[in-house]
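Notes follow once the structure below has been shown.
Values quoted throughout were computed directly from the atomic coordinates according to the rules given, and no laboratory measurement underlies them. In this text, all values refer to a predicted model and were calculated from it rather than measured experimentally. For neighbour counting, all protein chains shown are included, and Cβ atoms are generated from backbone atoms with ideal geometry for every residue, glycine included.
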Amino acid sequence: MSGAGTSDEALTRAVRDGDMAAFDVLYARYEVRLFAYVRRFIADRQHAEDVFQDVFMTVLRDRSFDPERGRFAAWLFTVARNRCRMAHRKGSRESRALEAMPRAEEAAQPRYAEADRVRRAMDALPEPQRQLLLLKQVAELTYREIAAVLGVAEGTIKSRLHAATSAFRAQLAKGDTP
């Protein structure tokens, strides 16, 4: 099955029929975004890679996704979100969000100062707002896909995302004042 122009849902059907080339296409489409999303929740790179691979193994094993009833991206990021939450609940020290690099060393280097400022602003947000921003900006999901992941109406996502963006900007502005 050709990857270009083929929908995720058609690729999923092909994967279920044993077409590993279709799986490779899905993997290539989502590898960067999904790993970036998982990495924002799991500090330890090796642990994040394990969770990431577990999510993709779910694509092969799990038959709960119905291509007729929803979008693949929403289902995939729901699985990833749940796996990250499970890692966090297990009390894994690696699952603390956004602590991948030593902060003191980053702040000391000018090129990392902005990333540190953004990280602090994200850390200050409540978890639901942080989730929304990550799903939109890191995972690059549409409003509809985010609504499916979170199980709320699309209009609700738009208003909550607006509030989250405003709160994030306020946190950034707070970080600019001494």
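See the values below:
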{"read-out": "Extension gain from GLN46 to VAL32, taking 0.36 nm per residue of separation minus the Cα-Cα distance", "value": "3.5 nm"}
{"read-out": "Packing-based order for 30-36, 78-84, using average beta carbon neighbours within 10 Å, highest first", "value": "78-84, 30-36"}
{"read-out": "Under 30 Å from the Cα of LYS90 - lysines, other chains or at least 8 residues apart", "value": "LYS136"}
{"read-out": "Cut-off under 5 Å, modelled amide H: who pairs with PHE41 long-range", "value": "LEU98"}
{"read-out": "Cβ-defined net charge surrounding PHE35, 11 Å radius [Lys, Arg +1; Asp, Glu -1]", "value": "+2"}
{"read-out": "Using θ = phi - 60° and Karplus 6.51 cos²θ - 1.76 cosθ + 1.60, couplings along the range 77-84 (whole Hz; Gly, Pro as x)", "value": "6, 5, 4, 4, 4, 5, 5, 5"}
{"read-out": "Selection from VAL32, GLN46, CYS84 lying farthest towards where the dipole of the range 1-99 points positive, charges on Cβ", "value": "CYS84"}
